[in-house]
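Report on the following structure.
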Amino acid sequence: MQFASLLLAAEEEAAGSDLLIPDLRELAAGIIAFSIVFFFIWKYAIPAFNDLIETRQKAIKADLEAAETEKNEAAALKADYEKSIANARQEATQIVEDARQAGESTRADIVARAETEAADIKSRATEELQSERDRAVTAMRREVAGLSIDVAEKLVGRNLDRASQQALVDQFINELGNGG
């Protein structure tokens, strides 16, 4: 009941401008309470909030640095990749050029070998032809010698000994070989 009477008393006193201006005791109590709350906020909440902001700033800075590092690494990897591609293209071009040169060299070797074999075949054919000609000439000389001896026997009418016949034939052949 006392509470109700206090309320009634407060309502009777609160009239007009008294509502805007608080009681001095209430004002002092409000200022003290505000000061206590402000002190605790200033002492504990603001440093914690500043630490939180500072931690967040450091994390953002670290993230930016990491992003920059990754960007640089990506650029380096890209440069390495492009360099590798360029090297691969150069190697491919070199391999093609080497293969072309090897083909040309092989072709030149085959042509040279064929020319050498053709020259060898021609040389052997020439040697065989010369050998056959020499054999034919020798056979003809023998035949001519035999015929000459027969003719000489008939002309001379006598039989010459073998050494004389051979000397006569050789002289005759040399005269034929020298033109005369």
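Throughout, read-outs are computed from the coordinates displayed, never taken from laboratory work. Here the structure is a predicted model, which is why all the values come from computation and not from measurement. Heads up, the Cβs are rebuilt from the backbone with ideal geometry, glycines too, and the neighbour counts pull from every protein chain shown.
Laid out as a table, the results:
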item: Charge context of ALA75, other residues only, Cβ under 11 angstrom, K/R +1, D/E -1; result: -3
item: Simple Cβ-charge dipole of the range 23-177, Lys/Arg +1 and Asp/Glu -1, about Cα centre, in debye nearest 20; result: 60 debye
item: Under 20 Å from LYS61, Cα to Cα: lysines that are on another chain or at least 8 residues apart; result: LYS71
item: Per-residue HN-Hα couplings for the range 113-119 [Karplus 6.51, -1.76, 1.60; θ = phi - 60°; Hz; x = Gly/Pro]; result: 5, 5, 5, 5, 5, 5, 5
item: Rounded to whole Hz, the Karplus (6.51, -1.76, 1.60) HN-Hα couplings of the range 72-77, x for glycine and proline; result: 5, 5, 5, 5, 5, 5
item: In order through the range 81-87: 3J(HN,Hα) via Karplus (6.51 cos²θ - 1.76 cosθ + 1.60), integer Hz, x for Gly, Pro; result: 4, 5, 5, 5, 5, 4, 5
item: Ranked list, fewest to most other Cβ atoms within 10 Å of each Cβ, for PHE40, PHE172; result: PHE40, PHE172
item: Environment charge at ARG113 (Cβ cut-off 14 Å; Lys +1, Arg +1, Asp -1, Glu -1); result: -3
item: Spacing of the two label points (7 Å from each Cα toward its C-beta) at GLU91 and ASN174, in nm; result: 8.1 nm
item: Exposure proxy order (Cβ contacts within 10 Å, fewest to most) of LEU64, LEU168; result: LEU64, LEU168
item: Segment ALA112-ILE46, extension gain: residue separation times 0.36 nm, minus the distance between their alpha carbons; result: 14.1 nm
